[in-house]
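**Q** Take this structure first; my questions come after.
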Amino acid sequence: MRLPGFYNLSVEERLKKVSEIANLTEEEVKAIYSTSKLPIEVANRMIENVIGTFELPLAIATNFFIDGKDYLIPMAIEEPSVVAAASNAAKMAREGGGFLTDFTAPLMIGQIQLVDVGNPFFAKFEILKNREEIISRANECDPILLKVGGGCRDIEVRILESRIGKMVVVHLIVDVRDAMGANVVNTMCEKVAPFVARIADAKAHLRIISNLAVYRLARARAVFRKDIIGGEEVVDGIIKAYAFAEVDPFRCSTHNKGIMNGISALMIATGNDFRAIEAGAHGYAAINGYKPLTKYEVNKNGDLLGFIEIPIQAGIIGGATQTNPIAKICLKILGVKSGEELARVSAAVGLAQNFAALRALATEGIQRGHMELHARNIAVMAGAKGREIDLLAERMIKNGKIRVDYAKEILQTLRSS
């Protein structure tokens, strides 16, 4: 719908206009305007065309023991059973010593696309010959980042064939410390692009960060003892389910989505760019043909060994991590002191989430936990209150009919009796 000048209106004026178009009630307008602890004036400066805020359930996943330390994991998500599954998986992992993690470095890639390159190999040579000058110019952008130990570390040059002929792509490798890094990396690319284009005798086109953070990898592993997770049959069932994901992209996409259920919920809760992390994760999974981000093996004792390696470009400074008060509180609950620690924890959460999904699929099936919580949602939609919600959910699950119309029918019977 065309709304000229909408962005110039105040939040109240925008909401009034939307309510008139959508015929919102006074109660609906009030709900949109007052749902969150995020002050409306802050929200209005975070993005454009704000009319209110939108809440998700905020929960805590428990039982996580990572690198010898206990963590409470804040998760913002609407999908039933995710938090319970992560907590249960973490409880099982504790029996094998918890999660052990590793991290490479907080290095992000900035890309400068050079087109109309007459001599691409000569251009590559000239760019690499001027490596130190390019790095020096990039580091002029952020003296504070340099002071805390970050900055542009190196460059790479790639020659790519394309429909427009050969293009030269320059990568700036930037240590962004405890930030996600998009702003500083993009600024560096803009800063050095004219110089790079000049020495390459080419035209600089795109100058942008890459979300495929192959130098910013978080890894986690855990031992899931067979006697804790249900015996040899369950171990074998998980291995078979994993083997399915290894060879079939249709299954693998859902396998990796399950990993991101946990990681994205944590990223949303802490104010991080979960979309960038999801893009990077799926991109990393697809480098050599789309594959699972987790790996599973069986040790000599018959226990299940789980592993994950995934790019995590998460920060604890900058962006919504500091402007959203709930994100700041969630970081405090989590207790991480650096972007690296947040990435390590995220990897452990992703592994826990994936293990829980595979175990459920290999045993009672994924729907049981989902349906129990879904039934409660349906009960609320039908108008149930308090104890009625549990009674309706139990009846619907027992009869295998989880629908709003059936819930209303049961509720009417309950109240009439």
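**Q** Report, by residue number, each residue of the stretch 17-57 that is touching a residue at least 12 places away in the same chain (Cβ under 8 Å) and over 31 Å from the mean Cα position of the chain (by Cα).
**A** Listed by number, the residues that qualify are 17, 21.
**Q** Listed residues 60, 127; which is at pLDDT 95 or above, under 30 Å from residue 177 (Cα atoms) and of a type outside the set (Gly, Ala, Ser)?
**A** 127
**Q** State all residues of the stretch 157-174 that are closer than 12 Å to residue 113 by Cα and surrounded by 14 or more Cβ atoms within 10 Å (Cβ to Cβ); if no residue qualifies, say none.
**A** 157, 159, 166, 167, 168, 169, 170, 171, 172
**Q** For the structure I just gave you, tell me whether residue 339 is in contact with a Pro (Cβ under 6 Å, 6 or more places away or on another chain) and either modelled with pLDDT under 95 or not charged (D, E, K, R) (or both).
**A** In short, yes.
**Q** Let me ask you something else. So residue 50 fits all but one of (1) farther than 30 Å from residue 150 by Cα; (2) surrounded by fewer than 18 Cβ atoms within 10 Å (Cβ to Cβ); (3) not small (Gly, Ala, Ser); what number is the exception?
**A** (2)
**Q** Let me ask something else. Test residue 328 against the criterion of being under 24 Å from residue 57 (Cβ atoms) and surrounded by fewer than 15 Cβ atoms within 10 Å (Cβ to Cβ), and give yes or no.
**A** No: the conditions fail for residue 328.
**Q** Could I ask something else about it? Criterion first (assigned to a helix (DSSP H, G or I), at negative phi and either surrounded by fewer than 17 Cβ atoms within 10 Å (Cβ to Cβ) or touching a residue at least 60 places away in the same chain (Cβ under 8 Å) (or both)) does residue 279 satisfy it?
**A** Yes: the conditions hold for residue 279.
**Q** Counting just the residues of the stretch 128-155 that are touching a residue at least 40 places away in the same chain (Cβ under 8 Å) and not in a helix (DSSP H, G or I), which one comes out nearest to residue 118 (Cα to Cα)?
**A** 130
**Q** In addition: I need the full set of residues from the stretch 1-26 which are in a helix (DSSP H, G or I) and aliphatic (A, V, I, L, M), in order please.
**A** The answer is 11, 15, 18, 21, 22.
The values are calculated or read from the model by the stated rules, or taken from the named source; none is laboratory data. These numbers were taken from a predicted model, which means no experiment stands behind them. Every residue, glycine as well, gets a Cβ built from its backbone with ideal geometry; the counts of neighbours run over all protein chains shown.
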